[in-house]
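Here's the structure we're looking at; comments come further down.
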Amino acid sequence: MFKLSRYILYDIFRGKVVAGYTLFLLIISMSLFNMEENSSKAMLSLLNIVLIIIPLISLIFSTVHYYNSYEFIELMLSQPMSRTKILLSEYGSVSFSLLFSFLIGVGVPVLIYSFDATGMAMLFTGSALTMIFSSIAFFASIKSKDKARGIGSVLLLWFYFTLIYDGLILMILFAFSDYPLEKLTLLLSSLNPIDLGRIFIMLQMDISALMGYTGAVYKDFFASSTGIFYCLTIMILWAGVPLWLALRSFVKKDI
């Protein structure tokens, strides 16, 4: 399994996509920190990059890699190797390469300019979203044999998580604005890893006062060890469940 993972990693790093992705993140991050005297403002701008660009690139890159490696996967299936090990090697290699790009492109500038609780929350959220959306991409790709349909489905998922879901939440909150919805809002946010990551990072920035009473409730929750454990658990589930579903589908899939 490790030999296969090393070969896949070598093939990925031999291409220019990962290098270009790393350079893009590094240029954007350094530019934001150098343009803003206050690192908090730069972190707010960087927040949009982490919450929008990271999931999009993770989805597209993972999906394209799976379809481009389809013949190689078929070759590996003809060898005495389990399907589970093959898929885990593919997922592990892709997610590691994307994590490497994120930690170099965003992690290094954050550690230099904002080495605090907010910076650590940013790195945790970006790393978690990378793993989560790579997992979702593999599941969507395995469920669809057609490459165009697979890419289209992950783009629809990205639109749903970044745009459509927020609109649905706002409709619910507006319709039931007369009721206390703090716990319900936290539960609904847990159904979207991007929203959960946004709340977790923003509350580390000490701007919960701008969110009113709800922000104060969230601040008390996420500042506690229970809140941190809750966020970590939800993120692990978001990464693990799609990967488990992908493994189930891949093992039963007729290739």
Subject >> Chain lengthening between residue 116 and residue 160 when straightened (0.36 nm per residue, less Cα-Cα) >> reply: 12.7 nm
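Give me the dipole magnitude in Debye, nearest 20, for the chain about the Cα centre, with unit charges on the beta carbon: positive for Lys and Arg, negative for Asp and Glu. Don't jump to the answer; show the numbers that get you there.
Working: 17 positive and 15 negative charges, 207 e Å.
Here the size comes out at about 1000 debye.
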Subject >> Positive-end residue of 109, 35, 77, charge dipole of the stretch 1-148 with Cβ unit charges >> reply: 77
Original post:
Once you have the alpha carbon radius of gyration of the stretch 86-140, what is it after dividing by 2.2 N^0.38 Å, with N set to its residue count?
Top reply: 1.25
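Mind checking the alpha-carbon convex hull of the chain and giving the volume per residue in Å³?
Values: hull volume 34.5 nm³, N = 255.
About 135 Å³ per residue, rounded to a whole number.
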Original post:
How large is ³J(HN,Hα), in whole Hz, for each residue of the stretch 227-232 in order, when computed from phi with the Karplus curve 6.51 cos²θ - 1.76 cosθ + 1.60 and θ = phi - 60°, using x for Gly and Pro?
Top reply: x, 5, 5, 4, 4, 4
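All of the numbers you see were taken from the coordinates with simple rules; none came from a lab. Computed from a predicted model, the values in this text were never measured in an experiment. Every residue, glycine among them, receives a Cβ derived from its backbone with ideal geometry; neighbour counts consider all protein chains shown.
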